[in-house]
Amino acid sequence: MPLITHIFLHGGWLHILGNMLYLWIFGDNVEDRLGSGPYLIFYLLCGIVAAIGQGLIAPEAMVGASGAIAGVLGAYLVMYPTARVSTLIFLGIFISVVQLPALIVIGFFIVLQVIDALAELRMTDHQAASNIAYVAHIFGFVAGVLLLFLFRQQRDARRFRYD
């Protein structure tokens, strides 16, 4: 059961609020395309793959929906490659909202995950790690991209069968 329950536990208010922000921005669009039932299964599968990946590469206890949400980001990028995302940009004391391509926003996220995962995997036992499951984020993202194609094939097969 920990393969699923970790998705619903978080390490604090900032952890859950950050995850829910990403889910709010990207999740509803993916759910609209997949449908509510398939989206729930998709989301849970992304979280499970993220946990398995983290356990295989960097086996520490983990909590949070970040791996599942990274899967949603992967699916969003495939579904909406030309979408633009309203993004807050902080320039000193000034704050601006700009429309950035989803490829840049999500691409920046995943590149940071890879860099941070590689840095943490190179640390020795006596060095301080960040307690962020970067490997889970990467596995979740890849799972989201790959599972999306499976879900699309299932949907297309059902549509063909009943048309």
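Tell me, which residue of the stretch 113-130 that is of a type outside the set (A, V, I, L, M, F, W, C) and under 17 Å from the mean Cα position of the chain (by Cα) is modelled with the highest pLDDT? Residue satisfying both the conditions and the ranking: 113.
Taking residues in the stretch 97-113 that are touching a residue at least 40 places away in the same chain (Cβ under 8 Å), and partners anywhere that are among the hydroxyl-bearing types (Ser, Thr, Tyr), the pairs with Cβ atoms closer than 6 Å and at least 6 places apart or on different chains are 113/134. Note on the stretch 138-154: residues that are more than 13 Å from residue 30 (Cβ to Cβ) and either at pLDDT below 95 or not in a helix (DSSP H, G or I) (or both) amount to 4.
For the stretch 96-112, indicate whether the set of residues that are aromatic (Phe, Trp, Tyr) and modelled with pLDDT under 90 is non-empty.
As a first pass, look at the stretch 96-112 and keep what is aromatic (Phe, Trp, Tyr): 108-109.
If we keep only those that are modelled with pLDDT under 90 too, we end up with none.
Taking every residue of the stretch 96-112 in turn, none turns out to be aromatic (Phe, Trp, Tyr) and modelled with pLDDT under 90.
Can you confirm whether residue 7 is modelled with pLDDT under 90, within 27 Å of residue 150 (Cβ to Cβ) and surrounded by 12 or more Cβ atoms within 10 Å (Cβ to Cβ)? Taking the combined requirement at face value, the residue satisfies it. For the stretch 52-69, filtered to residues that are over 12 Å from the mean Cα position of the chain (by Cα) and of a type in the set (A, V, I, L, M), the residue that is modelled with the highest pLDDT is 52.
Kindly indicate which of 44, 23, 34 is touching a residue at least 12 places away in the same chain (Cβ under 8 Å), more than 30 Å from residue 122 (Cβ to Cβ), under 13 Å from the mean Cα position of the chain (by Cα) and buried (at least 18 other Cβ atoms within 10 Å of the Cβ). That would be 23, the only listed residue that is touching a residue at least 12 places away in the same chain (Cβ under 8 Å), more than 30 Å from residue 122 (Cβ to Cβ), under 13 Å from the mean Cα position of the chain (by Cα) and buried (at least 18 other Cβ atoms within 10 Å of the Cβ).
The values are calculated or read from the model by the stated rules, or taken from the named source; none is laboratory data. Predicted, not measured: the structure shown is a model, and the values here were computed from it. No Cβ is skipped: glycine too gets one built from the backbone with ideal geometry, and neighbour counts run over all protein chains shown.
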